[in-house]
Amino acid sequence: MPTPDTATFIAEARAWLAQQAPPRQATAWGDGDDTVAVFENWTAAEERAETDRIRVYEQAKFDAGWGAALTWPAEYGGRELPLAHALAFQREEATFDVPRRTEMFSVTQQLVAPTIAQWGTDEQKATYVRAMLRTDLIACQLFSETEAGSDLAAVRTKAVQRDGSWVLDGHKVWTSGARIADLGIAVCRTDSTAAKHAGLTVFLVPMDTPGVEVRPIRQMTGGSSFNEVYLDGVVLDDSMRLGPVGAGWQVALTVLAAERLDSGNLGLDNADRAVELARHRGPLSEIERDTVADLITRSYVQRLTGMRVAAAVVAGEAPGPEASVGKLLATNTMARTSEVVRMLLGSDLTVESGEWGTWAWTEHVLGAPGYRIAGGTDEIQHNILAERVLGLPREPRP
Amino acid sequence: MPATSTAARTFDAAPAADPSILTPVPEHDDLREIVRAVVAKADGTWDRLMSELEIGSLAVPEALSGAGFGLREVGVVLEETGAALLPDPVLTSAVVAVQAVIAADQPADDLLEAISSGREVATVTWASPHDVRATPSGDGWTLVGTTERIPHAETAQHLIVPATTDAGTALFVVDLRHDAVTTRTRQVLDDTRPLADVSIAKAPARLLVGPERFDDVWHTVQTAGAIGVAAEHTGMATHLLETTTAYLLERQQFGRAIASFQAIKHRLADLLVDLERARSASRYAAAIFDADPEAATLPARIAAAVCQDVVIRAAHESVQLHGGIGFTWEHTAHLYVRRALGDEGLFGSSRAHRAAIADLVGL
Ligand SMILES: Cc1cc2nc3c(=O)[nH]c(=O)nc-3n(C[C@H](O)[C@H](O)[C@H](O)COP(=O)(O)OP(=O)(O)OC[C@H]3O[C@@H](n4cnc5c(N)ncnc54)[C@H](O)[C@@H]3O)c2cc1C
């Protein structure tokens, strides 16, 4: 298929989007959904229903040729378009009131699908990549354990070979979306005699396999978007192994690197919403104006930094350090958003009043700290910048 | 609460351009290397920058016999001259004055040639207080008044200054060598950016931009100036991070490189985050200016706010992380603190820039 020129592409995208949803600005301040949740406080049934609702849109988008596969090869249902087109589509999409993707959609489409495309066998690629880009299958990350968080390579969940199959035993924690995921990507220890990072192997675990048990964990927000997952004698065929035996650390790093890159846009919608709140809660004192203007500046620069990364990737260059700072910029924007909201709302934030767009912010203020932990803590991000970008001595590694 | 739309307003507070505007340009790396090499030499820097590299013509349109590049390229130069705290009037004359002269109502080829080639130096009151009045006399104008804290006024030949006329404010250029013009050097914290007051007692002046176009032109000149300062700050922060990191990798205490202590690593990582913010903000503002100077108003303020904060922090971190040696006169760290503080006074604090940002987005 020839590459459409950008103007035609945008016009076509807009026409398609207009059939799916009204423009975002059609909703007036004070009307409609006021949620600014960072992690959703859904019951299991709501989580399932909401995921399915978003999935219907994602699938329609995929089938119409606008989905996550836009830049992917035709074998995955893609159109092989340049990244610039995908970005242009995202910009257009953001102006329509389409369903907001939860984090499980980016985990599936931006983290796990590319990792399978990179490490998978031909059969795995054929089975999973398109299905994940279309979100027919949703994936979750079975990485962390109680004794292995920042130090992920310390995982103890075991996978042993028995009668040509693998048997998994262990306990994963903080698994986002495990209740609705079809497949988990699990980092397991396959060789306890090898060095810590060398004895790992990654598996794809269908979440309905006997022996997989998901138990929701209640978070500080009150809701449960993450879970603990028990793997108790879970038997997997060798065809579910992703990447070579012993290469689990490299496979996991592929996921983690994608996660760091993908986090650059987090927090921007809520920052915009907080600025909008400031416009409606005025008049502002000088100190308040300064604090809000600071948030504007930070979210603006976070966007610019994302644009630099995108521009480098589109130009076929490896992005520089700007790609590694994205997650810290995002968690900073989220923290500043909390600060602005606390300042503007006072006790309207902490005492439910029934007023639109006030109490809803509790979900931001209580959720934002989670992103400083999830996907590599702020401290670990600092270590990564110091060691990989600035070339400073590594932390001691026993 | 009034019912207004969310997207229409927040749109203004987010970058409007497509990411392609930030596409890396390989030639910029070459330019950077060349400028860096020239700046690293102890002497002849100004002459080589101006006559060999012709940096004064970089952002001059080809129609005016310039190189036809823009503030993006100028920004690369200023990052390097800023990093070196070059005391020459690159920003003032080769950038801001040139931007004012190319905007003249009538082509000012002679003046443009003189200052873009570096043969003569011009300065601009772009961020300084001024109280000057212009009256017509014969074919030209006569200026009377004072203007303060003008960079490089002691060594410059020309001063570009706004003055009030009966028809409104206009932009003039006055010869600083004229007998009716006196300059008084000010004692300043930052000796790398010398400042002087200028008194004009009936000196002849040339009209550069008349009242009809003054507001637009002056706004553009100030925007270009702010973007130039932000580029210098970005260069300073780059230099401070590089040199501080190198020092901490080399210096040992407690039997190991100081840079191996996590508290130190995290502070350097924070400086890196800040530096990337400064780069994003200043380079975007320059790129937007080149595409459409009017659209650069908000990006320039954002760059000014971010880069001013970043350079203040980086300079102080550099002193602290060098320990005792960083607090000495001999060490260069204090020169960066001085420049950062001096610029804050001269060009506005980040708080002042944020107040302007709040106005621009209608807060
Ligand atoms: C909302 C949320 C969702 C999550 N979703 C998932 C998921 O879907 N799948 C999954 O596998 N995991 C998930 N996680 C887990 C997350 O990746 C880990 O919590 C995180 O990596 C930190 O590990 P930990 O909790 O064991 O904390 P620890 O590693 O014990 O850290 C505790 C504190 O010590 C600091 N610390 C640790 N090591 C160092 C060091 N070397 N230098 C400096 N400071 C250090 C940390 O920064 C932190 O502040 C999620 C977590 C949250 C909060």
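Below, the figures for the structure above:
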| read-out | value |
| --- | --- |
| Failed criterion for A:Leu295 (all others in (1) within 9 Å of chain B (Cβ to nearest Cβ); (2) without any contact (Cβ under 8 Å) to a residue 60 or more places away in the chain; (3) farther than 21 Å from B:Leu268 by Cα; (4) part of a helix (DSSP H, G or I) hold) | (1) |
| In the range A:122-138, residue surrounded by the most Cβ atoms within 10 Å (Cβ to Cβ) [restricted to those that are farther than 18 Å from A:Ala252 by Cβ and of a type in the set (S, T, N, Q)] | A:Thr135 |
| Residues of the range A:98-113 that turn out to be farther than 17 Å from A:Arg179 by Cα, out of contact with any Leu (no Cβ under 9 Å at 6 or more places or on another chain) and buried (at least 18 other Cβ atoms within 10 Å of the Cβ), as a count | 0 |
| Hey, B:His316 in the same structural domain as B:Ala278 (by TED's automatic domain parsing), under 18 Å from B:Ala259 (Cα atoms) and free of Cβ contacts under 8 Å to residues at least 40 places away in the same chain or not | yes |
| Failed item in (1) facing another protein chain (nearest Cβ under 7 Å); (2) assigned to a helix (DSSP H, G or I); (3) within 14 Å of the ligand (Cβ to nearest atom), with A:Leu392 passing the rest | (2) |
| Any chance A:Ala274 is assigned to a helix (DSSP H, G or I) and buried (at least 24 other Cβ atoms within 10 Å of the Cβ) | yes |
| Test: A:Leu256 is within 12 Å of chain B (Cβ to nearest Cβ) and of a type in the set (A, V, I, L, M, F, W, C) | no |
| Qualifying residue in the range A:78-89 (condition: away from every other protein chain (no Cβ under 14 Å) and aromatic (Phe, Trp, Tyr)) | no |
| Scan of the range B:272-294 for residues that are over 16 Å from A:Thr297 (Cα atoms) and more than 9 Å from chain A (Cβ to nearest Cβ), ordered by number | B:Ala286, B:Ala287, B:Ile288, B:Phe289, B:Asp290, B:Ala291, B:Asp292, B:Pro293, B:Glu294 |
| Single residue of A:Asp348, A:Asp378 found to be without any contact (Cβ under 8 Å) to a residue 40 or more places away in the chain and either in the same structural domain as A:Glu276 (by TED's automatic domain parsing) or not aromatic (Phe, Trp, Tyr) (or both) | A:Asp348 |
| Selection from the range A:31-55 of residues that are part of a loop (DSSP other than H, G, I, E, B) and either away from every other protein chain (no Cβ under 14 Å) or touching a helix residue (DSSP H, G or I) at 6+ places or on another chain (Cβ under 8 Å) (or both) | A:Asp34, A:Thr35, A:Val36, A:Ala37, A:Val38, A:Phe39, A:Glu40, A:Asn41, A:Trp42, A:Thr43 |
| Residue match in the range A:333-354 (condition: modelled with pLDDT of 95 or more, assigned to a helix (DSSP H, G or I) and at the interface with chain B (Cβ under 9 Å from one of its Cβ atoms)) | no |
| Any hit, the range B:12-26, residues being more than 13 Å from every other protein chain (Cβ to nearest Cβ), surrounded by fewer than 14 Cβ atoms within 10 Å (Cβ to Cβ) and without any contact (Cβ under 8 Å) to a residue 40 or more places away in the chain | no |
| The range A:127-146: number of residues that are part of a loop (DSSP other than H, G, I, E, B) and either among the basic types (Lys, Arg) or more than 8 Å from the ligand (Cβ to nearest atom) (or both) | 5 |
| Some residue of the range A:150-157 being within 12 Å of the ligand (Cβ to nearest atom) and without any contact (Cβ under 8 Å) to a residue 12 or more places away in the chain | yes |
| Test: residue in the range B:158-179 that is assigned to a helix (DSSP H, G or I) and buried (at least 19 other Cβ atoms within 10 Å of the Cβ) | no |
| Options A:Ala330, A:Ala368: the member that is over 20 Å from B:Pro15 (Cα atoms) and more than 10 Å from chain B (Cβ to nearest Cβ) | A:Ala368 |
| Among the candidates A:Glu93, A:Glu123, A:Glu80, A:Glu75, residue that is closer than 26 Å to A:Gly243 by Cβ, among the charged types (D, E, K, R), more than 16 Å from the ligand (Cβ to nearest atom) and touching a Lys or Arg at 6+ places or on another chain (Cβ under 9 Å) | A:Glu75 |
| Candidate set from the range A:307-316 (those that are modelled with pLDDT of 85 or more and facing chain B (nearest Cβ under 8 Å)); member that is surrounded by the most Cβ atoms within 10 Å (Cβ to Cβ) | A:Arg308 |
| Residue within the range A:214-232 that is away from the ligand (no atom under 16 Å from the Cβ) and surrounded by fewer than 16 Cβ atoms within 10 Å (Cβ to Cβ) present | yes |
| Residue in the range A:281-291 that is buried (at least 23 other Cβ atoms within 10 Å of the Cβ), closer than 30 Å to A:Leu344 by Cβ, facing another protein chain (nearest Cβ under 10 Å) and out of contact with any Pro (no Cβ under 8 Å at 6 or more places or on another chain) present | no |
| Residue in the range A:161-191 that is surrounded by the most Cβ atoms within 10 Å (Cβ to Cβ), counting only those that are more than 8 Å from the ligand (Cβ to nearest atom), under 18 Å from the mean Cα position of the chain (by Cα) and assigned to a loop (DSSP other than H, G, I, E, B) | A:Ala181 |
| Qualifying positions in the range B:231-263 - aliphatic (A, V, I, L, M) and within 12 Å of another protein chain (Cβ to nearest Cβ) | B:Leu241, B:Ala246, B:Leu248, B:Leu249, B:Ala257, B:Ile258, B:Ala259, B:Ala263 |
| Where A:Trp356 falls short, out of the listed (1) out of contact with any strand residue (DSSP E or B) (no Cβ under 8 Å at 6 or more places or on another chain); (2) touching a residue at least 24 places away in the same chain (Cβ under 8 Å); (3) within 16 Å of the ligand (Cβ to nearest atom) | (3) |
| Test result for B:Ile357, under 30 Å from A:Ala278 (Cα atoms), surrounded by 21 or more Cβ atoms within 10 Å (Cβ to Cβ) and of a type in the set (Val, Ile, Thr) | yes |
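The values are calculated or read from the model by the stated rules, or taken from the named source; none is laboratory data. A quick note: this is a predicted structure, and the numbers were derived from the prediction, not measured. Every residue, glycine among them, receives a Cβ derived from its backbone with ideal geometry; neighbour counts consider all protein chains shown.
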